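The values are calculated or read from the model by the stated rules, or taken from the named source; none is laboratory data. Given the structure is predicted, the values throughout are model-derived calculations rather than measurements. Here the Cβ is made from the backbone with ideal geometry for all residues, glycine too, and neighbour counts use every protein chain on show.
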Amino acid sequence: MLLEDVKSPQDIKDLSQEELTGLARQIRDTLINTVAERGGHLASNLGIVELTLALHRVFDLPNDKLIFDVGHQSYVHKLLTGRYWRFHTLRSFGGISGFPKRSESPYDAFDTGHASTAISAGLGLARARDLKGEKHHVICVVGDGAMTGGMCYEALNDAGSSKTKLIIVLNDNEMSISQNVGALSSHLTDLRISKGWTSTKRRVRSQLEKIPGVGKPLYRFVHRTKSFFKSLVVPEGFFTSLGFHYFGPIDGHNEAHLEHVLRQAGNLDGPCVIHIITTKGFGYDKAEQQPERFHGVPPFYVETGDNRETSPLPAFGKVMAEELIRLAKQDDRVVAVTAAMAKGTGLECFEEVYKERLFDVGIAEEHAVTMAAGMAAGGLRPYVAIYATFFQRSFDQLVHDAAMQHLPVVFLIDRAGLVGEDGATHHGVFDLAETIPVPGLTVLAPRDLNELRAMMQWTPEAKGPVVIRYGRKSVDMGERFPVKQFKPGSWEVLLPGKDCVLLAVGSMVREAVSVHDCLAKEGIQAAVVNCSTVKPLDEDVLRLFSDRPLFTMEEHVLTGGFGSEVTVFLVGEELPPPLITFGLPDTFIQHGSRGQLLRYLGMMPEQMTRRILVALRQHGQSGQTREADHG
Ligand SMILES: Cc1ncc(C[n+]2csc(CCOP(=O)(O)OP(=O)(O)O)c2C)c(N)n1
């Protein structure tokens, strides 16, 4: 059977084991070649090929509902559900998403992207089914990494007592993005060790039964005492104690066995957990050897595994970590906190130097923030590095635990703005709306890597909580605009201009300089202001420039962002508001490269220039009319 002929799961139901093995090989080739072109989540998908085949053969999708936690491992599912021919468009603008999307296919039962939501969503679907008198199955596929997230426990607690029929497949590859952490992870290791006991048991049986005369009775004796031995070797089940049937651990690459267990689980009445063991990156040696690097990978060469493109600039996170190491050298109280993102945030560099001062709390952003607040209350100086999109989870912790007690925690908000190919679930476009309203917070946004260094060097002076937001794309404005010392609360006038003023935040400062250059060609002199402190606003600069048309620019939703903050201030002062606030509209923005998305949103420098020219013309005309009226 050719993968390209699989139009729906129906097409694989009757395949022989041999044909399935051939199909699995084609799936892996397609995954490797496509991700090598497009970038994406490779290792997790390679590890889940047999499970996905088994799920699609045993269950009746889309009548039965299948939910992938995080959803980054749903590529195989996409290939088996009629999306093979569009798979080459993976993660590209207008192409198929790297995550499940209900809008994309009826086979995608629930949209995911952030970790640890699948059991809650699955329980919701199961309850909807029960109340409507329907009969289908609900299956949640959850990784051991996602299991470190608090929502999973809230959902397990609820599902275990509900007795609702729900199948949870726990895909245990011992990895989150990095090596998994935490007590549950250790418990899973214990269960895995018990697997060793299971195979030993199989070996003992076959050996005993070979002994003529006494073999069989001897085996029966051993079998009777099995529970005794098992109680010694297998730890008390975490899942069974919560009210789940537990199957496992099971070899997650043995498709036939997986099917057998899934069918058994389907026949049960209550909730169950099937614990399967897989190898991340299975079937591609480079990914098996470096599962962390191939978790989410940019385009690469299949033969060598090397990235196709290397950035000439270091990531913001790397520069942040270098500065943090410097601060940690000077001050023993400096510690770093990550929620399972040491690699992505750059903190792995910090870990190399200060292993004992890096706290990876698992995929637990809420806990990370409150724990850091506790550290600060205990006299430490915690720096919490978190992606903007995941920081959304910790809003209450920021307000209630860090800000209200005015604790000196520094939040390093990475991937702020449009992140590109990961799309709607991952864009970091709500963090200003989350932080600007919080009393006592200092909110900063460096215009480039050098300003981030300067901000980091300033942080020891901070008396209360500080947020520093920066984007995925590195920027160095060094040659034309070297960074002098950073002073919080005072904006930097990068370029003078009498005709209008561009007030720009973070990643938009460089774009504002481009707009300035475009406007200059049209004879307009626009001042460019780097509004590096988003909260508190530099009110003096705002008052000073309020005699000229103002334009704000931010890579963030307009509602509740910088532009609206400036507008509220100016209106309160009875000064004219900005002519245009450039920012993101009130809609979820899909996937594509950052450049494509900015163009789509009309936020490329030449597009903003055109709008500014029109606005200035209209403003000039209305200004003249007013003057004429007065005359
Ligand atoms: C709330 C949240 N925080 C962080 C992430 C980033 N992230 C994506 S996948 C992943 C690891 C998931 O590990 P696991 O569930 O074991 O899946 P695997 O990739 O190992 O199959 C992390 C931390 C996320 N998606 N959501």
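Summary of computed values
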| item | result |
| --- | --- |
| Enumeration of residues in segment 23-48 that are in a helix (DSSP H, G or I), in contact with a strand residue (DSSP E or B) (Cβ under 7 Å, 6 or more places away or on another chain) and more than 14 Å from the ligand (Cβ to nearest atom) | A36 |
| Residues satisfying the stated conditions in segment 331-375, i.e. buried (at least 24 other Cβ atoms within 10 Å of the Cβ), aliphatic (A, V, I, L, M) and without any contact (Cβ under 8 Å) to a residue 60 or more places away in the chain | A336, V337, A339, L347, A368, V369, A372, A373 |
| Any hit, segment 562-576, residues being part of a loop (DSSP other than H, G, I, E, B), touching a Phe, Trp or Tyr at 6+ places or on another chain (Cβ under 6 Å) and more than 17 Å from E511 (Cβ to Cβ) | no |
| Of residues in segment 170-185 being of a type in the set (A, V, I, L, M, F, W, C) and assigned to a loop (DSSP other than H, G, I, E, B), the one farthest from the ligand (Cβ to nearest atom) | V181 |
| Filtered residues of segment 5-36 (kept if closer than 25 Å to G296 by Cβ and surrounded by 15 or more Cβ atoms within 10 Å (Cβ to Cβ)) | A24, Q26, I27, R28, T30, L31, I32, T34, V35, A36 |
| Selection count, segment 457-470, where residues are surrounded by fewer than 24 Cβ atoms within 10 Å (Cβ to Cβ) and within 25 Å of the chain's Cα centre (by Cα) | 1 |
| Only listed residue being under 19 Å from V35 (Cβ atoms) and assigned to a helix (DSSP H, G or I), chosen from F87, F99 | F87 |
| Tally of residues being of a type outside the set (V, I, T) and over 22 Å from E573 (Cα atoms) across segment 499-531 | 17 |
| Residues within segment 156-169 that are away from the ligand (no atom under 14 Å from the Cβ) and either closer than 21 Å to Q73 by Cβ or in contact with a helix residue (DSSP H, G or I) (Cβ under 9 Å, 6 or more places away or on another chain) (or both), tallied | 9 |
| Some residue of segment 429-441 being touching a residue at least 60 places away in the same chain (Cβ under 8 Å) and touching a His at 6+ places or on another chain (Cβ under 6 Å) | yes |
| The listed residue being within 27 Å of H367 (Cβ to Cβ), at pLDDT 95 or above and either touching an Asp or Glu at 6+ places or on another chain (Cβ under 9 Å) or crowded, with 23+ Cβ neighbours inside 10 Å (or both), out of T112, T81 | T112 |
| Matching residues, segment 62-72, being surrounded by 24 or more Cβ atoms within 10 Å (Cβ to Cβ) and part of a loop (DSSP other than H, G, I, E, B) | D69, V70, G71, H72 |
| Test for G94: is it assigned to a loop (DSSP other than H, G, I, E, B), without any contact (Cβ under 8 Å) to a residue 12 or more places away in the chain and either acidic (D, E) or at positive phi (or both) | no |
| Index of the failed condition, C152 passing every other in (1) away from the ligand (no atom under 15 Å from the Cβ); (2) in contact with a helix residue (DSSP H, G or I) (Cβ under 7 Å, 6 or more places away or on another chain); (3) more than 26 Å from R25 (Cβ to Cβ); (4) part of a helix (DSSP H, G or I) | (1) |
| Neighbours by Cβ (under 7 Å, 6+ apart or cross-chain): first from segment 551-565, within 16 Å of V443 (Cα to Cα); second buried (at least 23 other Cβ atoms within 10 Å of the Cβ) and of a type in the set (S, T, N, Q) | E555/S507; F562/T552; G563/T552 |
| Criterion: touching a Ser or Thr at 6+ places or on another chain (Cβ under 8 Å), more than 17 Å from E421 (Cα to Cα), in a helix (DSSP H, G or I) and within 16 Å of the ligand (Cβ to nearest atom) - qualifying residue of L55, L51 | L51 |
| Qualifying residue in segment 82-94 (condition: more than 16 Å from the ligand (Cβ to nearest atom), within 19 Å of the chain's Cα centre (by Cα) and of a type in the set (A, V, I, L, M)) | yes |
| Residue that is farthest from L20 (Cα to Cα) [pool: residues in segment 241-272 that are in contact with a Lys or Arg (Cβ under 9 Å, 6 or more places away or on another chain) and buried (at least 20 other Cβ atoms within 10 Å of the Cβ)] | P271 |
| Selection within segment 413-445 - within 20 Å of A336 (Cα to Cα) and in a strand (DSSP E or B) | I413, D414, T442, V443, L444 |
| Selected residue (criterion: farthest from the ligand (Cβ to nearest atom)) from residues of segment 107-139 that are under 20 Å from K165 (Cα atoms) and β-branched (V, I, T) | V138 |
| Condition check for V142: in a loop (DSSP other than H, G, I, E, B), within 16 Å of the chain's Cα centre (by Cα) and within 16 Å of the ligand (Cβ to nearest atom) | no |
| Only listed residue being of a type outside the set (D, E, K, R) and within 25 Å of N180 (Cα to Cα), chosen from A118, A128, A54 | A118 |
| Those residues of segment 364-391 which are within 17 Å of M456 (Cβ to Cβ) and within 11 Å of the ligand (Cβ to nearest atom), in sequence order | I386 |
